[in-house]
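Report on the structure given below.
The values are calculated or read from the model by the stated rules, or taken from the named source; none is laboratory data. Being a predicted model, the structure only gives us computed values, none of them experimental. Cβ placement follows ideal geometry from the backbone for every residue including glycine, while neighbour counts extend to all protein chains displayed.
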């Protein structure tokens, strides 16, 4: 599969981006992955996205350690990072993003989303945010606000999953504040060892029709 790698800074972290051409993907490309057998039943699109994400993650790990280790797959399909490292992966269209830091106890979650169009935002907003959150996000265009909240809650889920080790939904956290560069989420219920009302500040930015959110707390 044809891929192109580059990096960019975001909120004090180095993000590794891999652009990929899914039309050039071949099943044998998966043999590069130590866990390739676990992907044989996945669809072609999923296989290509997974491969691109692991390539981005390998670049991120290599930048820290000098070894391009490939994260495996955990029991809930989450990436398994090498000892001493914590990171996160996201896919968006024909792009994959990864971030990694040398602190396995850190909370790290990254997510990228294409901004919803107005009809999509109207259809799904109540499954993503409550009316009170909608009001707190009113400084942003509606479709952008729904997309941003969706992405931020995805980043939070990824960051907490390793510590919580269970599924939890969008209703488990709510938007309490937003600025041009940050968004604050507070838990609405206990999640693992994190008490209700625990606050997390994420960074966000919009690049054209893409929204990127990041939680990185050592």
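Kindly evaluate residue 48 against the criterion of being buried (at least 16 other Cβ atoms within 10 Å of the Cβ), under 19 Å from the mean Cα position of the chain (by Cα) and either within 17 Å of residue 15 (Cα to Cα) or not assigned by TED's automatic domain parsing to the domain that holds residue 16 (or both).
Numbers: buried (at least 16 other Cβ atoms within 10 Å of the Cβ): yes; under 19 Å from the mean Cα position of the chain (by Cα): yes; either within 17 Å of residue 15 (Cα to Cα) or not assigned by TED's automatic domain parsing to the domain that holds residue 16 (or both): no.
For residue 48, the condition - buried (at least 16 other Cβ atoms within 10 Å of the Cβ), under 19 Å from the mean Cα position of the chain (by Cα) and either within 17 Å of residue 15 (Cα to Cα) or not assigned by TED's automatic domain parsing to the domain that holds residue 16 (or both) - is not met.
Only one of these is free of Cβ contacts under 8 Å to residues at least 24 places away in the same chain and either surrounded by 14 or more Cβ atoms within 10 Å (Cβ to Cβ) or under 15 Å from the mean Cα position of the chain (by Cα) (or both): 113, 131, 154, 104. Name it.
Working: 113 fails: free of Cβ contacts under 8 Å to residues at least 24 places away in the same chain; 131 fails: either surrounded by 14 or more Cβ atoms within 10 Å (Cβ to Cβ) or under 15 Å from the mean Cα position of the chain (by Cα) (or both); 154 fails: free of Cβ contacts under 8 Å to residues at least 24 places away in the same chain.
On inspection, the qualifying residue turns out to be 104.
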